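Just so it is clear, none of the values below were taken in a lab; they were calculated from the coordinates. Values in this document were obtained by computation on a predicted structure and should not be read as measured data. Neighbour counts run over all protein chains shown; Cβ positions are idealised from the backbone, glycine included.
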Amino acid sequence: MVDKTLVSKKLERIETYFTQIRQRKDPGVERFSKDKDLQSIVLFNLIQLVQACIDIGAHIISDSGWDAPTTQANIFEILADNKIITRPLAAKMIQMVGFRNQIVHEYEKTDMKIVHTVWKKHLSDFDKFCKAIVSKYNL
């Protein structure tokens with residue numbers, strides 16, 4: 001059985017990461033590309049958002065007794081296979097795992113225009129993920 005308390009705590013942390021990002025004013029992509037402090041805030045919180053979603057998914061899979069994922073991206077496929085999230089949302093979350101890996105493993109090569117786009121246009125994917133989890137587990 002899924003530990004609702006643990007999942008709820010992770011969801012609360014996600015809300016904290018959202019708040020940190022949403023409080024920042026968008027200076028536009030050109031200024032963002034030059035503002036190292038803002039980049040650090042956005043990057044850190046995006047990494048944490050992705051990781052918290054991975055953690056929630058891994059916990060649900062483990063507690064449900066489903067086959068263990070072979071990769072972090074596979075977590076979202078398994079969640080979709082078991083109707084926790086939709087296939088289109090799983091595809092978006094898999095892209096977020098790749099995005100996170102790009103940031104973590106090749107930080108100096110990270111394209112800040114892509115980071116800016118994720119910040120401004122794709123936070124809703126995290127919202128959809130959280131809402132699906134809340135709805136499925138009555139949190």
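Charge dipole (Cα centre; +1 on Lys/Arg Cβ, -1 on Asp/Glu Cβ; no other charges) of the range 4-137 amounts to roughly 440 debye.
Contact order for the chain, expressed relative to its length and based on alpha carbon pairs under 8 Å spaced 6+ residues apart, stands at 28 percent. Scalar couplings 3J(HN,Hα) for the range 125-139, obtained by applying the Karplus form with A = 6.51, B = -1.76, C = 1.60 to θ = phi - 60°, are 5, 5, 4, 4, 4, 4, 4, 5, 5, 4, 5, 5, 10, 6, 8 Hz; x denotes Gly and Pro.
A crude spin-label estimate for the pair ASN138 and ARG24, with each label 7 Å from Cα along the Cβ direction, gives 3.9 nm.
With 22 Å as the limit, the listed pairs LYS34/LYS109; LYS10/LYS36; LYS36/LYS121 have LYS10/LYS36 beyond it between alpha carbons. For LYS92, the aspartates and glutamates whose Cα falls under 14 Å of its own Cα, not counting residues fewer than eight places away in the same chain, are GLU77, ASP125, ASP127. Between ALA68, ALA80, LEU46, the Cα set farthest toward the positive side of the dipole of the range 4-137 (charges on each charged residue's Cβ, about the Cα centre) is that of LEU46.
With contacts defined as alpha carbon pairs under 8 Å and 6 or more residues apart, what's the relative contact order of the range 1-76 in percent?
Numbers: 45 pairs, mean separation 29.2, N = 76.
Relative CO of the range 1-76 lands at 38 percent.
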